[in-house]
Amino acid sequence: MTASSIASSRALGLRLPVDITTWATVEESDIKAAKDRAKYKRRRDAVSVYGNTQSLKEAARIVGTSERNFRRLWGRCCALAPDGRPWGFRALVPNKVTRKVSRKELLRSLKGVATKGFPGSFEKLLIDFPSIRTELVAALGRLGPEAHRPVTMKGRQLQLQFERLCFEAGLTQDDYPFNTRERCRRSLPEWVKRVYLPQYAFAYVKGEHGQDAATGFDFQKEGDARRAPAKAWDEWQLDEVKIDVYARYEFLSPDLVPISLELPRIVAVVLKDTGSGAVPAWKLVIGREVNVGDLLEVLWTAVSGPPKVQPSVPGSDYQDGAGYPSVVLEGLRWAWPRVLPLDNALAHLANDLRNAVEKIGGSKVLLGKPKTPLARAEIESEFSALARKVLHQLPGTTGSGPTDPRRKKAATPLEGLIRVEDLEHTLDVYFANRNGLPHAASNYVAPLERLRHNLERGLLSVAVLPPDRRHAHVFGLRREVTVRADLRKGRPPFVNFMKLRYRGPALTPFTGYVGKRLVVRASPMDLRTIVLYDEQGCELGVLRAEGKWGALPHDLRIRRLFLKLRRENSLGKQAEDDPLRALFAHLNKGAQRDATQAGQLAYLMRYLRGYSGELSPSLLSDIGARVHLEKAANDISEVALLPPPEGRTPSVPKLLAPAPNPQPPTPKSPQQPAAQTITSARPVYVLAQKRVRR
């Protein structure tokens, strides 16, 4: 064998080990001609012999050809097909074309008679005149100026559009396709099916059949491959579930009498990594529906690290090795997934959510087809496990429906319902411990352990957010604003954002540019400040809200609630003087009669607890004492009680009443009373309560 033949054989893969068992197969019974079927069998047997024994001479003998021709046959089998795999046994079928044939010369006519054959003329036309192909793609996908065409782009309409593009490209009646009788009436639809649709199917379906059809097609286009198990940290699923438990919230009325109210509805937002089965973050929302701010907060805490919920249930805490991935594993801090499948809930369709996921995180949002919960089976199974292992075990559970017998068995008076603080702590401990326990999604290994193993061995390739995107406002709301000012009245530049004016030194350079359009970003967890950006995306500085709104902590849900009640004229004429104080007074007054306002008050009080050191004096004068009394009444703690002296009873304030059948602790000896430490969900003497059951 010469040096050139050796080089060619190496190029054809002759000296490389090839596993022919992985090649694409052929259904030989579909080869109609008996002669071709017998020829395929001989080629297949020869290739099998060569693949096992590397005997070129024996393989050529079986086929009945020379060794040189068999090398060419083997090279065709090893060549890559358009699907990315080797042609394999498919290249052995007689008359099978494995290489794309391209035309070298455009079709010409001489005195009305074609000088050459027709094959490849249409592809050659699109190569020589790329403007025709570009305009065809735009017309079929309704792109650019063709976006609002009222007719469908197929049949005669497609043919007329094609001929118009050919004339605009400078073709005459003596050029192809006008010098033929068909004028590409068969070649054009064939090109649409064979070349255009595999590349631009989504745009075509959207233009021809609408957005709903395009969304369904985009979800199902990959078939079962889309539902194949994802790699760890590649795909997150985000969804909401109603908590199947009646919970109560305790607060103090204006006359300092504790009141227990049954909350109307509680929703949990859960984020799950489908590849490892871990839960990166979650949130409990006291409200009928979640908003985009709740979803953005869950995504932000998933990458920055969820804070630990304040303990309220004694003996319930994280186990060793439990927690959340971005907190326990430093390599996953600021790590972001590549895909985020969502359903068609209203909050999921918000532009702010898509902006945070696609433009900030660089991931792809997949909006599933309506009424297909099995498409997100992983998060639905998580909700089922949560209900089965936790929620349906609690007093006051509603079960899985009105006819569930557990609803009647778990029925309990209002004072027996679980408090919302205990519910939140229970769910936080459940999800944290669940990440440290074996799970089916991670092959019955703890999700945290699997993620740690993959990180240590370099098997986990994650997309890490760059440092300039590791800010809550970057993942928040994005709005275009207009610079406004009134220099005649001495009013410096400002911008309006969610019905409030924001000012700051960053607006000083724009004093003379009234009416200029800029961009602001705001964290939905704290709207006291927003961040200003110029038209090139460069950060200019921080703006603060005017008045009390710039000092009082509030989030997106609280701001929207205040604006809604103000439009309804429910907060009084001077609500803007102290907005949170007016909002609290309104909710505190109506919570005893309205379950919805009870839930809104519970949300407001739970939010303000995290900012107790930043509340204004006027607000503290109204709710500060209530916050501390409420915390003391609700939190579970260890209470050290000394037995009263003999012959005396403990003094009880007028507003205090003894609990039913109080059991005083027994001293160790009469001479030296000993303190006894007990753990109780409530103190021995509690405030007399009003009971309001919804």
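For the set Lys369/Lys564; Lys516/Lys564; Lys206/Lys516; Lys499/Lys573; Lys308/Lys408, the pairs lying more than 24 angstrom apart at their alpha carbons are Lys369/Lys564; Lys516/Lys564; Lys206/Lys516; Lys308/Lys408.
Per-residue Karplus couplings for the stretch 483-496, computed as 6.51 cos²θ - 1.76 cosθ + 1.60 with θ equal to phi - 60°, are listed in order as 6, 10, 6, 9, 5, 5, 9, x, 9, x, x, 8, 10, 9 Hz, Gly and Pro entered as x. The protection proxy used here, the mean number of other Cβ atoms lying within 10 Å of each residue, ranks peptides 546-552, 509-515 as follows, highest first: 546-552, 509-515. Amide H to amide H, with H built 1.01 Å from N, His439 comes under 5 Å of Tyr444, Val445, Ala446, counting only residues 5 or more places away or on other chains. Highest mean packing comes first when the peptides 559-568, 78-87, 271-280 are listed by Cβ atoms within 10 Å, giving 271-280, 559-568, 78-87. Between Asn496 and Glu539, how high is the FRET efficiency from 1/(1 + (r/R0)^6) when r is the Cβ-Cβ distance and R₀ = 25 Å? Nearest 0.05. E between Asn496 and Glu539, to the nearest 0.05, is 0.80. Taking 0.36 nm per residue of separation and subtracting the Cα-Cα distance, full extension of the segment from Phe202 to Asp577 would add 129.7 nm. What the phi angles of the stretch 530-544 give under the Karplus curve with 6.51, -1.76 and 1.60, with θ = phi - 60°, is a coupling list of 10, 10, 9, 10, 8, 5, 9, x, 8, 5, 9, x, 9, 10, 10 Hz, glycine and proline written as x. Cross-link partners of Lys371 among aspartates and glutamates, defined as those whose alpha carbon lies under 12 angstrom from its own and excluding same-chain residues fewer than eight positions apart: Asp343. For Leu342, the residues whose amide H sits under 5 Å from its own are Leu366, Leu367, Gly368, ignoring neighbours fewer than 5 places away on the same chain, with H placed 1.01 Å from N.
A simple count of charges around Arg491, restricted to other residues whose Cβ falls under 10 Å of its Cβ and scoring Lys, Arg +1 and Asp, Glu -1, yields +4. Phi angles across the stretch 383-394 convert, under the Karplus curve 6.51 cos²θ - 1.76 cosθ + 1.60 with θ = phi - 60°, into 3J(HN,Hα) values of 5, 5, 5, 4, 5, 6, 8, 10, 5, 6, 9, 8 Hz, Gly and Pro given as x.
What does the C-alpha gyration tensor say about the overall shape of the stretch 477-550? Classify as rounded when a/c is under 1.5, otherwise prolate if a/b is larger than b/c, or oblate. The shape class here is oblate.
Within the shell of other residues whose beta carbon sits under 14 angstrom from the beta carbon of Asn355, the net charge comes to +4, with Lys and Arg scored +1 and Asp and Glu -1.
A short reminder: the numbers here are calculations on the coordinates, not readings from a lab. Note that the coordinates shown come from a computational prediction; the quantities given were computed from them, not determined experimentally. Ideal geometry is used to build each Cβ from the backbone, glycine not excepted, and the neighbour counts take in all protein chains shown.
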